[in-house]
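Have a look at the structure below, then the notes.
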Amino acid sequence: MLIGKQMKALRKARGMKLIELAQATGIQIASLSRIEHDRMTGTLPSHIKIAEALGVELTELYQDLVKPSKTAPEAVDGHSSTETFTFNDKASYEILVANLMAKKMMPVMMRIEAGGASSEEQNRAGSERFLFMLEGTVIAHIDGKKFTLEKNNALYFNAADKHWFENTGTVTARFISVISPVSL
């Protein structure tokens, strides 16, 4: 649910700075900024905190929301500006589409250097994840089981299960990961 424009308008109308909203809600300023710029949806509990901090009912925060229009084809080249997020100094991912929060799936390029690992993740119930290895070797740890993936291998799994990825090889591993529905 894209509440960014409404949230920003309500915040500005109250003369509140983003840092003040972060302090009032306990939500990180970076997350609030992503919500305001429609790069992240947030959760219902975060929406409730935002509404309370802004002094409005939740329904006012959701006022005038519209569903995204029909998805148009979107080409992304190597020179497009994409967002990169880091798990740690050896693992990161790059979002491969623009206007992510209007999408039904989240394609990312994951990179894990030799000896590195991602953080443990667990997406909401009903989420699915697909991986396709481009180079290197990764061990996918999913719900206590291990799956070794090498170049051109694929893996599809329930993303609501706890999972993380580990590179035990000697080269940087790169793989495409697609999560549906979008979640950050």
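Structural remarks
- Computed over protein heavy atoms with a 1.4 Å probe, the accessible surface of the chain works out to 58 Å² per residue.
- Reachable aspartates and glutamates from K103, criterion Cα separation under 14 angstrom, eight or more residues apart if same chain: D38, E74
- The relative contact order of the range 129-184 comes to 47 percent, based on Cα pairs under 8 Å that sit 6 or more residues apart.
- CD proxy at 222 nm, helix term only [per DSSP H run n ≥ 4: -39500 (n - 2.57); per residue of the chain; nearest 500]: -6000 deg cm²/dmol
- Based on Cα contacts under 8 Å between residues 6+ apart, the chain shows a relative contact order of 19 percent.
- Cα-only Debye scattering, the range 139-184: base-10 log of I(q)/I(0) at q = 0.28 Å⁻¹: -1.27
- Helix 4-13 vs. the chain, principal-axis angle (Cα, 0 to 90°, nearest 10): 40 degrees
- Accessible-area composition of the chain, carbon plus sulfur, in percent [1.4 Å probe]: 52 percent
The values are calculated or read from the model by the stated rules, or taken from the named source; none is laboratory data. Nothing here was measured: the structure is a model prediction, and the numbers come from that model. Please note that ligands, DNA and RNA were not included when accessible areas were found on the heavy atoms of the full protein model with its side chains. Shrake-Rupley method; radii C 1.70, N 1.55, O 1.52, S 1.80 Å.
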